[in-house]
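Take a look at the structure below.
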Amino acid sequence: MPSIRKISQLVAAELMEDQSSQEIEKMEQVVEKFSLSLTPQIVELMQSGSEQDKEAIRRQFLPSAEELSVTPSELKDPTGDDVYTKVKGLVHRYPDRCLLMPIMSCPVYCRFCYRREKVGSDSKALSKVELDNAFSYIREHKEIWEVIITGGDPLVLKPKKLAEIFSELEAIEHVAVVRIHTRVPVVDSVRITEEMIQALKINKAVYVGISLMHPGDMTEMARVACARFVDAGIPLLGQTVLLKGINDTPEVMGELMRTMVKNRIKPYYLHHAELAEGTAHFRTSIHTGQQIMKALRGHYSGLCQPTYVLDIPGGFGKSPIGPSYLSAASECAQENFTVEDYQGKFHCYEP
């Protein structure tokens, strides 16, 4: 089965059931602006499994007419990548790390993506000259301790190309850590071959951040793909976006975090959904996110606790926005603090 990239293909695959011609026309308008691509693996997942899992997968990847509605607060570049782009394909926002984006295409396009205005519009990888410019910038900026390879999805590149990129970074003495952000192991697992794994093994610390949104994302194929990294000594970090109707309950979020940990993926960030254009139907309130985080604390292993963060619009970076358990003492006699436990009870604490 080939990848699906058009609404007509979705209709033919019976993935757009009971849609009127008017609704189909609106979705055509959506994919003219925001890219569509589904791998055979994701198509199969949408057609099998429990109704809850199928609905969660469909909501992540199938276009919706709701994407045509843009709120006044939504932005084309919600995280401010453009402001901090130093050379093509390189964003340097934080002092000790930078983003390297060698390609802006993905095997699938998440409907809530904060780079949705950019990904898929140009499937070409950075040229040799453009990559050399990026490497030169990294070499010249000795404060860069970590390089985060993202995009797009870097694991759509061939292993040989990835090996070349990793070899260049390995040769830069002040770069100690290389991190990759990807959905490939979950959405196109067959790409994770032994050749791919070997391309990433260098004499530096290498981490792979995997995006998982729902427990149903973790199929047997995905488990095998993820295990290949860990078995090769490459640690996995889990990244999740808080999404209305997909993972915005303590039960689903808790199961997702446990699914990660069981598969040797350490939950890293829970992102509050970005102010990307046409994504309002995915965003919850921050209060909802904080309540979910409170529900996880104590009831789920400490290994299952991600950091809930907001990427401040305009390129000001991520800030933790989880609930606070500590406050200035009020009812305590001489103690300085009141601290709340995971059951909602308060205790006095004098340091």
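The values are calculated or read from the model by the stated rules, or taken from the named source; none is laboratory data. Computed from a predicted structure; not experimentally measured. With ideal geometry, Cβ positions are generated from the backbone for all residues, glycine too; neighbour counts draw on all protein chains shown.
For the range 84-134, a tally of residues being of a type in the set (A, V, I, L, M) and in a loop (DSSP other than H, G, I, E, B) returns 5.
Among residues of the range 290-331 being closer than 16 Å to Leu256 by Cβ and part of a loop (DSSP other than H, G, I, E, B), the one that is farthest from the chain's Cα centre (by Cα) is His299. The listed residues are Leu99, Leu62, and the only one of them that is within 19 Å of the chain's Cα centre (by Cα) and under 17 Å from Gly314 (Cα atoms) turns out to be Leu99.
The set of residues in the range 107-126 being touching an Asp or Glu at 6+ places or on another chain (Cβ under 8 Å), crowded, with 21+ Cβ neighbours inside 10 Å and under 20 Å from Leu90 (Cβ atoms) consists of Tyr114, Arg115. The residue pairs whose first member lies in the range 142-153 and is within 27 Å of Tyr109 (Cβ to Cβ), whose second member is at pLDDT 95 or above and polar (S, T, N, Q), and whose beta carbons are closer than 7 Å, counting only pairs six or more residues apart or on different chains, are Gly152/Ser105; Asp153/Thr182.
Checking the stated criteria, Ile149 turns out to be modelled with pLDDT of 95 or more and assigned to a strand (DSSP E or B). Anything in the range 146-190 that is of a type in the set (Gly, Ala, Ser) and out of contact with any Asp or Glu (no Cβ under 8 Å at 6 or more places or on another chain)? List them, or say none. Listed by number, the residues that qualify are Gly151, Gly152, Ala163, Ser167, Ala171, Ser189. Got a number for residues in the range 66-89 being among the hydrophobic types (A, V, I, L, M, F, W, C), crowded, with 17+ Cβ neighbours inside 10 Å and closer than 30 Å to Gln47 by Cβ? The total comes to 0. Tallying residues that are in contact with a Lys or Arg (Cβ under 8 Å, 6 or more places away or on another chain) and modelled with pLDDT under 95 within the range 47-62 yields 2. Is there a residue being touching a residue at least 60 places away in the same chain (Cβ under 8 Å), touching a His at 6+ places or on another chain (Cβ under 8 Å) and not assigned by TED's automatic domain parsing to the domain that holds Val190 anywhere in the range 33-56? Scanning the range 33-56, I find at least one residue that is touching a residue at least 60 places away in the same chain (Cβ under 8 Å), touching a His at 6+ places or on another chain (Cβ under 8 Å) and not assigned by TED's automatic domain parsing to the domain that holds Val190, so the answer is yes. Residues considered: Glu164, Glu146, Glu168. Of these, the only one that is touching a strand residue (DSSP E or B) at 6+ places or on another chain (Cβ under 8 Å) and charged (D, E, K, R) is Glu146. Scanning the range 32-59 for residues that are outside any loop (DSSP other than H, G, I, E, B) and under 19 Å from Met1 (Cβ atoms) yields a total of 11. Number of residues in the range 2-27 that are surrounded by 12 or more Cβ atoms within 10 Å (Cβ to Cβ) and in a helix (DSSP H, G or I): the value is 10.
Exactly one residue among Pro320, Pro250 is in contact with a strand residue (DSSP E or B) (Cβ under 6 Å, 6 or more places away or on another chain) and either surrounded by 16 or more Cβ atoms within 10 Å (Cβ to Cβ) or modelled with pLDDT of 95 or more (or both), and that residue is Pro320. Look through the range 186-206, keep the residues that are of a type outside the set (A, V, I, L, M, F, W, C) and closer than 30 Å to Met46 by Cβ, and return whichever of them is surrounded by the most Cβ atoms within 10 Å (Cβ to Cβ). It comes out as Asp188.
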